[in-house]
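Here's the structure, in structure tokens; my notes come after.
The values are calculated or read from the model by the stated rules, or taken from the named source; none is laboratory data. All figures in this text were calculated on a predicted structure; none of them were measured in a lab. Counting neighbours? That spans all protein chains shown, and the Cβs are built from the backbone with ideal geometry, glycine included.
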Amino acid sequence: MVTFPNAKINIGLDIIRKRPDGYHDLQTIMMPVEWTDILEIVPAGQKKTDSLTVTGRKVDCPPEKNLVMKAVRALRNVTGFPAIDIYLHKVIPDGAGLGGGSADAAFTLKAINELFSLDINNNNLANIAASIGADCPFFIYNRPMLCEGTGTEMRPIEIQLPHNARIALVKPPVSVSTKEAYANVDPHQPDVPLPSLVRQPVEEWQGKIKNDFEASVFPKYPQIPQIKNKMLELGALYSTMSGSGSSVFGIFTGDNISEILSACFTGCDIFVSRPM
């Protein structure tokens, strides 16, 4: 079985408070985009153990620590299924705030569930995914979601974008770890809740819908705010860093944005797609 785990972007990210357990309560809207890895899962035949083979972009962790294998182990704690061989071709950059690893884990759960007819519903799959990582449950549903708490409490939300909208992603040659991004954040209650702001036309989002990680990440990585500012100069209706960075996305209208970005951002990864 072959599937295509996709990336996500964050439309707004408010870090509201630090919790007694050391984590943070936040509010953000996650939205899927079509930048995808390639994931193949097949029965391992007579073998008794699972295996993972990773190609494409370098992943800086051994297979047993990969979120894909954590997903397999988490599912085996719930139900039985035959040994599997997993082939993961990485396309989505790591350290980019795009949730590539979380998507791989969630799609692994969904693929095994379908491959072996385990009949686990999405809500239960999402509960399993939450034990792997905060972003993982989102990819079980894979539609725009308002995410709260540590990110695992979610409900569907409608995002109204122009019919000819394009989401452009630019990832500079730097990576930001989530731990690093959280180190210098200043939690606070926003003046206007994110769901109210996102109901306004996208042309009114800039300056109102913010990513609180930008304050801690931008001073250390000046390339990132430079990309954001350039996107706005190029006519983005809205632009911000995604998640904890380092990628920046812009919402544009028109069909030639890929060529324009390629000329402006040499040495960066660039991806443009319609909203999913």
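Worth pointing out:
- Checking Gly45 against (1) assigned to a loop (DSSP other than H, G, I, E, B); (2) touching a helix residue (DSSP H, G or I) at 6+ places or on another chain (Cβ under 7 Å), the condition it does not meet: (2)
- Residue in segment 150-160 that is surrounded by 18 or more Cβ atoms within 10 Å (Cβ to Cβ), within 17 Å of Ser242 (Cα to Cα) and either among the aromatic types (Phe, Trp, Tyr) or not assigned by TED's automatic domain parsing to the domain that holds Ile257 (or both) present: yes
- The conditions of being part of a helix (DSSP H, G or I), farther than 19 Å from Val2 by Cβ and of a type in the set (Phe, Trp, Tyr) are met by Phe138.
- Here segment 161-181 is the region considered, the condition is being part of a strand (DSSP E or B) and among the aliphatic types (A, V, I, L, M), and the residue that is surrounded by the fewest Cβ atoms within 10 Å (Cβ to Cβ) is Ala165.
Every residue, every condition in (1) in contact (Cβ under 8 Å) with a residue 24 or more places away in the chain; (2) closer than 20 Å to Trp35 by Cα, yes or no:
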residue	(1), (2)
Ala130	no, no
Ile167	yes, yes
Pro173	yes, yes
Pro195	yes, no
Ser216	yes, no
